[in-house]
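Undergrad: Input: one structure, supplied below.
The values are calculated or read from the model by the stated rules, or taken from the named source; none is laboratory data. All of these numbers come straight from a predicted model, not from anything done at the bench. Please note: Cβ atoms are built from the backbone with ideal geometry, for glycine as well, and neighbour counts cover all protein chains shown. What goes into the accessible areas is simple: the full protein's heavy atoms, side chains included, and nothing from ligands, DNA or RNA. Shrake-Rupley method; radii C 1.70, N 1.55, O 1.52, S 1.80 Å.
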Amino acid sequence: MKKEKHVLTRRDFIRGTIGATIGASVFGLKWPEAEAKALRSSLVTIVRDKNAMDSSKNVDSAIVKKMLEQTLIKFTGQKNPKDAWLNLVKPTDMIGLVPTEHLNPTHDEVVDAVKSSLMDAGIPGKRIKLAQGGPSRPKECDALIALPALKAHWLTGIGTVLKDYIMFSGSPSSYHKENSAKLGEIWNLSFVKGKTKLVLVDALYPLCDKGPQPDPRYKWDYNGLIAGTDPVAVETVCLKIITEKRKAIRGEPWPLSPPPICVEAADKVYGLGTSKMEEIKIEHYGWEKELLL
């Protein structure tokens, strides 16, 4: 498969605003073999239904819940959504849902579908909470479910998965320095690391240009849910979709600005997962029009 995404060279990385320290880390870091093997096996599922929204962009909650159930079964390999959830979380967990709140917010119907499905699986409603906010929110949780919406962003290039936890840092503005290359660091904070049990991207109505105000010319009906447990792999697939949509709009490559170097840094500096498309297993189900992969 021919790659269209920006390929960052060592010279680009070190000479850019990201700084020599991170540049050296990216190209000098060596991972233990067993850990590297685990990180390099990443499944991402895409479930789409052309009827998930109507012509007025109203979301069909019943269809979204069916898409979620299919996502859970396909991703985990379990027989039903209940077993799928119990393969990811425990009934005794305090589960935090982390939707996107700005620019292209996560649809309420997606958040509601996740909460309803968890409760159907036997998770008490009192143990499911919205966890978007400062550091105290993830500290209160045993498990996190990232629920970002698919979008480009004027400060990070792509503002989907990695940026979803920026408020957990307690100093979000500092993570927009150096072209936002350090976003992956947030996922390794002691009160965040290891808690994310699922990344579920709301790709119903994505935004492929950066804002700061959403321009309806750059939103389109993708009608999908994108899921995985490797946040970098999911972000990489999201980046591919946005890149291909931008290319389709212009009829030629239309690079994101700033370049989304946070994705490669999350892989090579912070060890969160893989940013290489050839190392990601993508399984898609349902509507195939303009899959953009």
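Undergrad: Go through (1) open to solvent by less than 60 Å² (accessible area, probe 1.4 Å); (2) modelled with pLDDT under 95 for Ala233 and report which single condition fails.
TA: Here Ala233 clears every test but (2).
Undergrad: Shifting gears a bit: When the residues of the stretch 138-148 are filtered to those that are farther than 16 Å from Leu88 by Cβ and more than 19 Å from the chain's Cα centre (by Cα), which remaining residue is surrounded by the most Cβ atoms within 10 Å (Cβ to Cβ)?
TA: Here the answer is Lys139.
Undergrad: Additional query: Filter the stretch 187-216 down to the residues that are among the charged types (D, E, K, R) and within 23 Å of Asp112 (Cα to Cα), then identify the one that is least open to solvent (accessible area, probe 1.4 Å).
TA: Top of the filtered list is Asp202.
Undergrad: Just one of the numbered conditions (1) farther than 16 Å from Thr160 by Cβ; (2) surrounded by 17 or more Cβ atoms within 10 Å (Cβ to Cβ); (3) of a type in the set (A, V, I, L, M) is not true of Leu256; which one?
TA: (1)
Undergrad: Among the residues of the stretch 214-227, is any at pLDDT below 95 and outside any helix (DSSP H, G or I)?
TA: Yes, the stretch 214-227 has at least one match.
Undergrad: From (1) open to solvent by 10 Å² or more (accessible area, probe 1.4 Å); (2) of a type outside the set (Val, Ile, Thr); (3) more than 15 Å from the chain's Cα centre (by Cα), pick out the condition that doesn't hold for Arg246.
TA: (1)
Undergrad: Tally up the residues in the stretch 237-279 that are more than 23 Å from Lys177 (Cβ to Cβ), among the hydroxyl-bearing types (Ser, Thr, Tyr) and outside any helix (DSSP H, G or I), please.
TA: 1
Undergrad: It is to be established whether one or more residues within the stretch 88-102 are farther than 29 Å from Asn58 by Cα, surrounded by 15 or more Cβ atoms within 10 Å (Cβ to Cβ) and in contact (Cβ under 8 Å) with a residue 60 or more places away in the chain.
TA: yes
Undergrad: Also, quick follow-up: Looking at this structure, is Lys268 touching a Pro at 6+ places or on another chain (Cβ under 9 Å) and open to solvent by 50 Å² or more (accessible area, probe 1.4 Å)?
TA: No, not satisfied.
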